[in-house]
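A short write-up of the structure that comes next.
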Amino acid sequence: MNVMKSFVAAPLVLAVMGLAFAAAAQGGRVATAGVYSKAQADRGMTLFADACARCHGSSMEGLDVAPPLTGPRFLGNYLGQPAAALASRIRTSMPLDMPGSLGQQASADLTAAILAANGYPAGDAELPSGSSAQQAITIDAVK
Amino acid sequence: MSALSRRSLLSLPLFAYLWAKAPFAKAQGAASAAPANTDWTSYAGDIHCLRYAPLDQITAQNFNDLEIAWRFKPDNFGVRPEFNLEATPLVVGGVLYTTVGTRRDVAALDAASGELLWMHRMDEGERAVKAPRKLSGHGVSYWSDGKGDDRILYVTVGYQLVALNTKTGEPIKSFGTDGVVDLKLNDDQEIGPLNDDIGLHSTPLVCKDVVVIGAAHTVGTSPKHHANVKGYARGFDTRTGKRLWIFHTIPQKGEFGYDTWLDGVDQVGNAGVWAQISADPELEMVYLPVELPTGDYNGEYRRGAGLFGESIVAVDLHTGVRKWHYQLVHHGLSDFDIPCAPMLVDIPVNGKMVKALAQPTKQNFLYVFDRTNGKPIWPIVEKPVPKGDVPGEWYSPTQPFPSKPPAYDQQGVSEKDLIDFTPELHAEALELAKNYRMGPLFTPPSVWSDTGTWGTLVCPNATGGANWPGGAFDPDSHILYIYSKTEADIGGTIPNANKEKSDFDYVYSRGTPPPGTKVTPRGKFKPGQLTVDGLPLLRPPWGRITAIDLSKGEFAWQIAHGETPDEVKNHPALKGLTIPRTGRPGVLSPLVTRSLVICGEAGFATQAGGKRGALLRAYDKATGADRGAVYMPAPQTGSPMSYMVGGQQYLVVAIGGGNYSAELLAFRLPKA
């Protein structure tokens with residue numbers, strides 16, 4: 001059996017730290033700081049059960065037809081990205097039988113539900129529904 | 001109303017086609033000393049489904065010199081971009097054919113330049129909107145009579161089989177009705193044109209003058225109706241579209257296998273062949289990998305072993321008559337299906353070459369048979385398996401276990417499988433796992449309980465292990481290469497409180513309680529969440545490639561495939577630890593060439609220089625050692641293929657994911 005190779009992490013640590021730093025320097029926030037409200041995530045989860053669960057699974061685990069929205073495969077798509085990247089993807093391409101039907105508020109609520117399902121903490125305020133405000137929020141690594 | 005009158009057909013036989021063919025022909029003539037053109041004529045290379053390219057211009061020595069020859073961005077095929085292009089294109093005679101876009105259009109490209117030669121578009125309206133399997137699918141198939149009648153065949157989102165002229169993209173008028181066979185008709189059952197649950201996303205199987213079509217349905221975690229549409233397989237004439245045969249994957253009364261259904265077959269459906277199909281033209285046998293009947297996790301309406309659920313069925317190419325079958329899972333309750341093509345491999349057994357069939361699976365067994373008669377190459381033994389306690393469920397007392405080769409990834413979950421980077425993380429993982437049942441492979445789903453357990457921890461899950469992309473096989477060394485992932489999941493079920501949504505008594509829940517149920521807090525854990533401080537519950541590798549020497553039924557090597565995720569590299573609890581490459585979970589297949597094993601990564605990672613992307617990696621075929629890696633702006637979504645045109649070898653791979661829309665990338669070496 002082959003021995004797995006080790007890696008040099010330092011440049012990558014710096015790169016990811018750099019992203020977080022850049023977000024903070026621009027007055028931005030990170031998802032682990034609590035960027036949605038519990039009530040919003042609950043609204044999003046109700047919507048998820050109706051519009052999304054049949055392809056992504058009832059707890060976002062992913063099925064043969066659609067990827068997981070939690071855990072490492074979610075982070076593999078969105079770590080370091082602005083919340084707007086996720087919200088706009090939902091708003092423009094989902095659900096597959098009615099893409100574009102959700103609108104900004106529902107897409108923000110679904111984004112909140114996905115963050116909650118990944119263990120990001122709720123905060124006092126809702127995740128804003130506008131793209132420019134969402135651009136200032138970075139999806140960092142959940143701990 | 002005919003299907004044709006409900007849609008508009010638009011094909012664009014571009015003048016560019018002939019124009020583009022001219023320089024291609026010139027290049028061939030000029031490069032007479034160069035290696036011959038080599039095609040890729042079927043989804044996995046050929047209909048033996050080996051994903052092998054007999055090419056060696058791209059080697060370990062020059063892999064890192066690869067440059068992008070062309071890229072093709074199908075954003076404007078369909079009314080919005082697609083993000084998950086799963087196709088593997090074909091190349092025949094210097095032209096690349098593939099499905100693309102959210103409407104599943106067909107595109108023909110110049111294989112050397114990527115220039116669009118023609119496109120075919122069928123607007124199916126509501127029929128596509130209501131279809132169970134949307135997006136671009138796995139690609140197209142090719143047929144030729146050898147005398148200039150060359151056709152592309154594909155299945156639309158709305159389940160229609162279409163034949164196109166390879167040179168113009170125009171439908172073949174003499175095939176079906178003006179080029180189209182409505183697959184919802186003539187299926188030995190009534191299927192409504194809009195609302196009934198049937199479609200297909202894999203490519204048709206073309207062998208000689210027969211095209212074989214399977215069926216796919218809505219994902220069956222909590223099916224609306226247990227008596228869903230049945231997923232029969234059919235053979236059609238490639239010239240006329242006439243149905244030649246049908247194989248009832250759920251036998252009708254009086255047919256072989258009917259007695260394995262204790263309650264008859266009126267209350268069940270599914271058992272489709274949604275995976276790729278393979279065929280042996282010499283034996284004139286077609287190998288059908290059948291999924292499980294309705295209810296991925298709940299089998300209360302299908303008590304009994306239930307043939308031909310989760311069986312490989314070999315049928316006659318011309319008649320569809322069953323030659324042999326082997327059931328890999330009796331009365332499945334884990335959605336293992338059979339997700340990918342049986343691989344038709346010729347291997348030495350006891351000093352004699354045998355026509356064999358190797359079947360990769362989600363459950364991480366590679367089942368190997370003599371494909372002439374279905375007899376296992378190495379003994380497959382029925383062994384007792386754990387029984388569950390879901391009310392009304394039926395449990396098979398035994399399941400078949402291959403004695404060789406060993407399972408290529410984890411099967412079942414026990415305490416030793418839990419993350420152990422540090423003692424603290426392991427202790428926390430143990431605390432989390434206490435909330436669930438654990439057990440070996442085939443430990444069934446269990447009912448969520450606030451005072452008991454939240455379901456059963458499982459690995460692999462419904463997406464593997466291995467999955468629909470399948471494996472690759474080197475016919476020279478007899479080594480089979482398979483990618484698999486290691487990911488914990490939950491097999492859980494709850495009483496069904498909403499008969500409008502599903503007519504099952506119990507439905508899938510994945511560790512979460514019925515809506516409105518009180519959940520007593522259990523420390524920091526909540527039902528359904530399988531991470532420990534943001535890290536995966538199970539030990540890595542989380543994605544791996546295994547090389548299995550089929551001359552012995554043993555591993556040649558196994559490696560982690562995929563860079564360690566950023567969130568793991570940068571995790572505060574792991575600071576100061578040297579962690580070997582962990583691999584990444586995904587849905588992938590490698591390609592094997594005469595010189596290398598090649599596979600893209602799943603998931604984005606921060607690359608050298610801080611760029612976001614993924615790597616297309618090359619490995620040594622004999623040892624698995626790294627032999628090179630080139631940058632891609634997004635992860636692999638469709639399996640790589642390779643061809644030679646104009647004296648140059650190309651690698652083409654479909655990428656995308658997250659907010660990066662789908663793209664085809666073609667690599668080649670720089671011209672001298």
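The values are calculated or read from the model by the stated rules, or taken from the named source; none is laboratory data. All figures in this text were calculated on a predicted structure; none of them were measured in a lab. For neighbour counting, all protein chains shown are included, and Cβ atoms are generated from backbone atoms with ideal geometry for every residue, glycine included.
With respect to the conditions (1) touching a residue at least 60 places away in the same chain (Cβ under 8 Å); (2) surrounded by fewer than 24 Cβ atoms within 10 Å (Cβ to Cβ); (3) small (Gly, Ala, Ser), B:Gly610 lacks only one, and its number is (1). Against the conditions (1) at pLDDT 95 or above; (2) of a type outside the set (Lys, Arg); (3) within 11 Å of the chain's Cα centre (by Cα); (4) farther than 30 Å from B:Ser202 by Cα, A:Leu86 satisfies every one except (4). Listed by first and then second residue, the pairs with beta-carbon distance under 6 Å, at least 6 apart or on different chains, first residue in region B:243-261 and more than 17 Å from B:Leu317 (Cβ to Cβ), second charged (D, E, K, R), are B:Ile250/B:Lys230. From the list B:Ser509, B:Ser502, B:Ser484, the one residue that fits, being more than 12 Å from chain A (Cβ to nearest Cβ) and among the small types (Gly, Ala, Ser), is B:Ser484. Being of a type outside the set (A, V, I, L, M, F, W, C) and under 27 Å from B:Ala314 (Cα atoms) holds for only one residue in B:Pro423, B:Pro391, B:Pro405, B:Pro386, and it is B:Pro405. A single member of A:Leu12, A:Leu47, A:Leu69 is assigned to a helix (DSSP H, G or I), within 29 Å of B:Pro540 (Cβ to Cβ) and either more than 16 Å from the chain's Cα centre (by Cα) or at pLDDT 85 or above (or both), and it is A:Leu12. Taking the criterion of being in contact with a Leu (Cβ under 7 Å, 6 or more places away or on another chain), crowded, with 22+ Cβ neighbours inside 10 Å and at the interface with chain B (Cβ under 8 Å from one of its Cβ atoms), the only residue of region A:42-61 that qualifies is A:Gly57.
Okay, residues lined up against (1) surrounded by fewer than 19 Cβ atoms within 10 Å (Cβ to Cβ); (2) of a type in the set (A, V, I, L, M, F, W, C); (3) more than 30 Å from A:Leu63 (Cβ to Cβ):
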site	(1), (2), (3)
B:Val100	no, yes, no
B:Ser136	no, no, no
B:Val155	no, yes, no
B:Val162	no, yes, no
B:Glu170	yes, no, yes
B:Asp187	no, no, no
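Among residues that are part of a loop (DSSP other than H, G, I, E, B) and crowded, with 24+ Cβ neighbours inside 10 Å, B:Gly576 is not included.
Against the definition (assigned to a loop (DSSP other than H, G, I, E, B) and acidic (Asp, Glu)), how does B:Glu567 come out, yes or no? No; evaluated as a whole, the condition is false for this residue. Checking the structure you have, find out if any residue of region B:106-125 is within 11 Å of another protein chain (Cβ to nearest Cβ) and of a type outside the set (Lys, Arg). No - not one qualifying residue is present in region B:106-125. In region B:565-579, the residue that is nearest to the other protein chains (Cβ to nearest Cβ) out of those that are under 16 Å from B:Thr486 (Cβ atoms) and in contact (Cβ under 8 Å) with a residue 40 or more places away in the chain is B:Pro565. The residue of region B:642-672 that is nearest to the other protein chains (Cβ to nearest Cβ), among those that are more than 23 Å from B:Pro81 (Cα to Cα) and among the aliphatic types (A, V, I, L, M), is B:Leu651. Taken together, B:Phe256, B:Phe236, B:Phe336 contain a single residue that is surrounded by 24 or more Cβ atoms within 10 Å (Cβ to Cβ), part of a loop (DSSP other than H, G, I, E, B) and either modelled with pLDDT under 95 or of a type in the set (Phe, Trp, Tyr) (or both), which is B:Phe336.
Among the candidates B:Gly231, B:Gly257, B:Gly264, B:Gly304, the residue that is of a type in the set (Gly, Ala, Ser) and within 25 Å of B:Leu161 (Cβ to Cβ) is uniquely B:Gly231.
A search for C-beta distances below 6 Å between a residue of region B:105-131 that is without any contact (Cβ under 8 Å) to a residue 24 or more places away in the chain and any residue that is not aliphatic (A, V, I, L, M), counting only pairs 6+ apart in sequence or on different chains, returns B:Val129/A:Asp97. Can you list residue pairs whose Cβ atoms sit under 6 Å apart, with the first residue in region B:391-406 being touching a residue at least 40 places away in the same chain (Cβ under 8 Å) and the second being aromatic (Phe, Trp, Tyr) and in a loop (DSSP other than H, G, I, E, B)? Count only pairs 6 or more apart in sequence or on different chains. Pairs found: B:Gln399/B:Phe442; B:Lys404/B:Trp378. In region B:579-596, the residue that is surrounded by the most Cβ atoms within 10 Å (Cβ to Cβ) out of those that are in contact with a Pro (Cβ under 7 Å, 6 or more places away or on another chain) and among the charged types (D, E, K, R) is B:Arg584.
Yes or no, residue by residue, for (1) outside any loop (DSSP other than H, G, I, E, B); (2) touching a strand residue (DSSP E or B) at 6+ places or on another chain (Cβ under 8 Å); (3) of a type outside the set (Ser, Thr, Tyr); (4) closer than 25 Å to B:Gly231 by Cβ:
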| site | (1), (2), (3), (4) |
| --- | --- |
| B:Gly146 | no, no, yes, no |
| B:Ile152 | yes, yes, yes, yes |
| B:Val157 | no, yes, yes, yes |
| B:Leu161 | yes, yes, yes, yes |
| B:Leu164 | yes, yes, yes, no |
| B:Lys167 | no, yes, yes, no |
| B:Phe175 | no, yes, yes, yes |
| B:Val181 | yes, yes, yes, yes |
| B:Leu185 | no, no, yes, yes |
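For region B:579-598, the tally of residues that are within 27 Å of B:Phe667 (Cα to Cα) and either over 28 Å from the mean Cα position of the chain (by Cα) or outside any strand (DSSP E or B) (or both) stands at 13. Applying the condition of being assigned to a loop (DSSP other than H, G, I, E, B) and farther than 15 Å from B:Phe308 by Cα to region B:239-253 and asking which residue is nearest to the chain's Cα centre (by Cα) yields B:Gly241. Selection of region B:530-554 for residues being in a strand (DSSP E or B) and more than 7 Å from chain A (Cβ to nearest Cβ) yields B:Val532, B:Leu535, B:Leu538, B:Gly543, B:Arg544, B:Ile545, B:Thr546, B:Ala547, B:Ile548, B:Asp549, B:Glu554. I'd like the residue in region B:534-560 that is of a type outside the set (Ser, Thr, Tyr) and surrounded by fewer than 19 Cβ atoms within 10 Å (Cβ to Cβ) and, out of all such residues, is nearest to B:Leu425 (Cα to Cα). Here the residue is B:Arg539. Restricting attention to region A:65-74, the residues that are at the interface with another protein chain (Cβ under 7 Å from one of its Cβ atoms) and crowded, with 24+ Cβ neighbours inside 10 Å total 3. Counting the residues of region B:599-626 that are within 9 Å of chain A (Cβ to nearest Cβ), small (Gly, Ala, Ser) and not in a strand (DSSP E or B) gives 7. Against the definition (facing chain A (nearest Cβ under 9 Å), in contact (Cβ under 8 Å) with a residue 40 or more places away in the chain and hydroxyl-bearing (Ser, Thr, Tyr)), how does B:Thr637 come out, yes or no? Criteria not met by B:Thr637.
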